[in-house]
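To keep things clear, I will list the structure first and then write my remarks on it.
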Amino acid sequence: MQLEIFTTGGTIDKVYFDAKSTFEVGEPQIVEVLREANLNLDYRVVSLMRKDSLQMDDADRALIRQAAQDATAGHIVITHGTDTMIATARALSGLPGKTIVLTGAMQPARFRSTDAVFNIASAMMAAQILPEGVFIAMNGRIFDPFRTRKNVELNRFEDC
């Protein structure tokens with residue numbers, strides 16, 4: 001089974017430069033996370049963009065949808081910023097023959113204390129075992145993008 005991974009930016013790839021939170025979206029961190037995991041899985045990583053998800057628009061979502069539609073693999077993981085992840089997941093619904101799982105992080109993957117590694121692992125497993133459709137893997141759970149919300153106050157995703 002081949003797994004295709006698309007990176008779009010977001011907190012998972014952020015690089016902070018000072019205590020005042022000046023940042024830029026850096027190189028996709030999933031490459032290093034997967035290298036360290038010593039996977040026995042056929043996967044390919046494609047960087048689609050490097051954006052904070054608050055800067056994404058409908059044209060970006062159309063590009064992500066086209067990439068997923070054109071993917072040769074039927075199993076896809078997308079790293080994405082958490083602020084608009086649900087909107088992008090909803091925009092990806094209805095692609096036949098695809099299992100798509102979006103994930104991200106509340107803390108950058110470069111940080112010592114991060115949820116990125118766990119979320120990536122969850123998304124990788126979910127993409128392999130879930131049925132066709134679009135899902136979100138965050139906070140140790142798999143969510144339906146049409147029945148979830150990001151709780152900013154508690155810094156987590158939850159059912160709504």
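The values are calculated or read from the model by the stated rules, or taken from the named source; none is laboratory data. Fair warning: this is a prediction, and the values are worked out from it, not measured in the lab. Here the Cβ positions follow ideal geometry from the backbone for every residue, glycine too, while neighbour counts run over all protein chains shown.
Restricting Thr114, Thr22 to residues that are modelled with pLDDT under 95, surrounded by fewer than 17 Cβ atoms within 10 Å (Cβ to Cβ), hydroxyl-bearing (Ser, Thr, Tyr) and over 19 Å from Pro145 (Cβ atoms) narrows the list to Thr22.
To keep it simple, each residue is scored yes or no on (1) closer than 19 Å to Phe146 by Cβ; (2) modelled with pLDDT of 95 or more; (3) of a type in the set (A, V, I, L, M, F, W, C); (4) in contact with a helix residue (DSSP H, G or I) (Cβ under 8 Å, 6 or more places away or on another chain).
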| site | (1), (2), (3), (4) |
| --- | --- |
| Ile30 | no, no, yes, yes |
| Gln69 | no, yes, no, no |
| Thr88 | yes, yes, no, yes |
| Ala91 | yes, yes, yes, yes |
| Ile120 | no, no, yes, yes |
| Pro131 | yes, yes, no, no |
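If you go through region 1-19 and keep only what is modelled with pLDDT under 80, among the charged types (D, E, K, R), under 25 Å from Ile86 (Cα atoms) and outside any helix (DSSP H, G or I), you end up with just Lys14. Taking (1) among the hydroxyl-bearing types (Ser, Thr, Tyr); (2) more than 27 Å from Glu36 (Cβ to Cβ); (3) surrounded by 22 or more Cβ atoms within 10 Å (Cβ to Cβ) in turn, Ser93 satisfies each apart from (3).
How many residues, within region 48-67, are surrounded by fewer than 19 Cβ atoms within 10 Å (Cβ to Cβ) and modelled with pLDDT under 95? Reasoning before the result, please.
Of all residues in region 48-67, those surrounded by fewer than 19 Cβ atoms within 10 Å (Cβ to Cβ) come to 49-52, 54-55, 57-59, 61-63, 65-67.
Checking which are modelled with pLDDT under 95 leaves us with 49-52, 54-55.
The number of residues fulfilling the criteria is 6.
Of the strands (runs of 3 or more DSSP E) lying entirely inside region 39-153, those containing at least 3 residues that are within 19 Å of Ile5 (Cβ to Cβ) and either out of contact with any Pro (no Cβ under 6 Å at 6 or more places or on another chain) or without any contact (Cβ under 8 Å) to a residue 40 or more places away in the chain (or both) span 42-51, 75-79, 99-103, 133-138.
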